[in-house]
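What follows is a single structure, written as structure tokens, with notes after it.
Just so it is clear, none of the values below were taken in a lab; they were calculated from the coordinates. Just so you know, these numbers come straight off a predicted model, no measurement behind them. Here the Cβ positions follow ideal geometry from the backbone for every residue, glycine too, while neighbour counts run over all protein chains shown.
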Amino acid sequence: MRLTRIRAADFRNLTFADVSVDAPRVFLIGENGQGKTNLLEAAALVSSFRSFRTTEISPLIRAGCTEARLRLDVRVSANELAEVELRLAKGSRKALLNGTPVTSAAQHLGQFPTIVFCSDDLRLVRGSPANRRRWLDAAIGGTDAAYLNALRDYTRALEGRNALLKSEIRSDEELRAFEKAMLPPGQLIADIRAKVLPELAETLRQACARAGFPDKGADLIYQPDTPAGELEATWMRLRNTDLASGTTLKGPQRDDFGMMFGGQDAADYASEGQQRLLVLALCLARLQRDTRRAPTPPVILADDVLGELDDTRRRAFWAEVGDSHQVIATGTVPPPSGDWLTYRVSGGSYVQA
């Protein structure tokens, strides 16, 4: 798969952009805040219509506008082309594939896979549990429609329960109804996370070895807030506490996972440089897993993630990525050696260098 053209209107800071990306390696260079990441964000929306930067639609629409529009041209194979269109308005999104409305994001999932490596990932080790959950949800949901559906169903039921907890008029029967709706997707989310994290940990160690990053017993440890088998009883037991706080205090929405280095918590015992390499190896592990599961090699969208690496490790990273993936990358310094289609980005405009 290869993205060949990205068009955006009233998206983020882009009044209008029309950028050809029909090359194996594309690099967007410019100062921060000029629109490099915005184009990557637009490209990533081709996969599941979800932003890697926000769960809200409103920030995607240029200030003063009511709708953002995107069109992404894709070469699926030598003989197959596709056009994905997105129209984003406050509270709604409409997608079309080759002019036909897409009625289910889950059914669309996997047709146009992308993987985002972004600077926020580099804060996974010491960042908040919410950042790690967001990363894990993207890593699993990128190729698993059942997981994506479970996240959607659980989130809707959770929001309903939380709204009821804040309401002045409520009953145990209504709370039980929301808990009943939350239970199957909540258990599925926990079960899949518990299965996938050890798989990613094994692939992480392999990626460390191949890319020349320090392994030192790298591991990922699932830290469920509440075991899947105890969710129902926990919600029932804590109803009064949840009522007092106005929110659901326990459940998969508070899960976490630990990153280990040399048998110790990487957040406490790994240096800044070691943490950075560990996260890059984790991203490579996700790439390997997604490549095995996706029908076509995912497009890699790398948002300024290699700027602080030395040349040897940069080369090792790109060697691990290989030649089978299209790469669209950003940075404030020129791209690594190789044949790159390069654009200079300034004020939301893209000029081929």
Inset, instruction - Note down the magnitude of the dipole of the range 125-236 about its Cα centre, charges +1 on Lys and Arg C-beta and -1 on Asp and Glu C-beta and zero elsewhere, to the nearest 20 debye. - result: 500
Legend entry - Whole-Hz couplings from phi, Karplus 6.51/-1.76/1.60, listed for the range 259-271; x for Gly and Pro: 10, 9, 8, x, x, 10, 5, 4, 4, 9, 10, 8, 5
Inset, instruction - Starting from the amide H of residue 343, placed 1.01 Å from N in the peptide plane, find each other amide H under 5 Å away whose residue is 5 or more places distant or on another chain. - result: 27, 28, 29, 353
Legend entry - Distance between modelled label sites at residue 323 and residue 173, nm, 7 Å Cα→Cβ extension: 6.9
Inset, instruction - Compute the Cα gyration tensor for the range 169-300, then decide on rounded, prolate or oblate, letting a ≥ b ≥ c be the square roots of its eigenvalues: rounded whenever a/c is under 1.5, prolate when a/b is larger than b/c in the other cases, and oblate in all that remain. - result: prolate
Inset, instruction - Could you pull out every one of the lysines with an alpha carbon less than 30 Å from that of residue 94, ignoring same-chain neighbours closer than 8 positions? - result: 36
Legend entry - For residue 218, residues with placed amide H under 5 Å, excluding near neighbours: 262
Inset, instruction - Hey, can you grab everything whose amide H is under 5 Å from the amide H of residue 114? Only 5+ residues off in sequence or another chain; H modelled, so Pro and N-termini drop out. - result: 299
Inset, instruction - Counting helices only, and only those DSSP H runs with n ≥ 4, report the 222 nm mean residue ellipticity of the chain as the sum of -39,500 (n - 2.57) divided by its residues, in deg cm²/dmol to the nearest 500. - result: -13000 deg cm²/dmol
Legend entry - the chain: relative contact order as a whole-number percent, Cα under 8 Å and 6+ apart: 26
Inset, instruction - Give a residue-ordered list of calculated ³J(HN,Hα) values for the range 188-205 (Karplus: 6.51 cos²θ - 1.76 cosθ + 1.60, θ = phi - 60°; whole Hz; x for Gly, Pro). - result: 5, 4, 5, 5, 5, 4, 5, 7, 6, 4, x, 5, 5, 4, 5, 5, 4, 5
Inset, instruction - At q = 0.27 Å⁻¹, work out log10 I(q)/I(0) for the range 232-314 with the Debye formula, treating every Cα as an identical point scatterer and leaving solvent out; two decimals please. - result: -1.28
Legend entry - Residue among 186, 349, 259 farthest towards the positive dipole end of the chain, charges placed on Cβ: 349
Legend entry - Prolate/oblate/rounded call for the range 1-110, Cα gyration tensor, a/c under 1.5 rounded: oblate
Inset, instruction - Excluding residues fewer than 8 places away in the same chain, name every one of the aspartates and glutamates whose C-alpha is closer than 15 Å to that of residue 166. - result: 174, 242
Legend entry - Fully extended contour minus Cα-Cα distance, from residue 233 to residue 81, at 0.36 nm per residue: 49.6 nm
Legend entry - Rg/Rh (Cα only; Kirkwood hydrodynamic radius) as it applies to the range 193-270: 1.16
Legend entry - Where N is the number of residues in the range 129-232, Cα Rg divided by 2.2 N^0.38 Å: 1.34
Legend entry - Isotropic mean projected area of the C-alpha convex hull, the range 1-59 (nm²): 4.4
Inset, instruction - For residue 268 paired with residue 58, estimate the spin-label separation in nm (one decimal), with each label point 7 Å from Cα along the Cα-to-Cβ line. - result: 4.0
Legend entry - Size of electric dipole in the chain: Cβ of Lys, Arg +1 and of Asp, Glu -1, about Cα centre, debye, nearest 20: 500
Legend entry - Around residue 163: net Lys/Arg minus Asp/Glu count, Cβ-Cβ under 13 Å: 0
Inset, instruction - Please report how far the C-alpha centroid of the range 261-284 lies from that of the range 217-256, rounded to the nearest whole angstrom. - result: 27
Inset, instruction - Determine ³J(HN,Hα), in whole Hz, for all residues of the range 123-136 in sequence, where each value follows from phi through the Karplus function 6.51 cos²θ - 1.76 cosθ + 1.60 and θ = phi - 60°; x replaces Gly and Pro. - result: 9, 4, 5, 9, x, 6, x, 4, 5, 5, 4, 4, 5, 5
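Would you please classify the overall shape of the chain from the alpha carbon gyration tensor, given that a ≥ b ≥ c denote the square roots of the eigenvalues, rounded means a/c under 1.5, and beyond that prolate means a/b larger than b/c while oblate covers the rest?
In terms of gyration-tensor shape, oblate.
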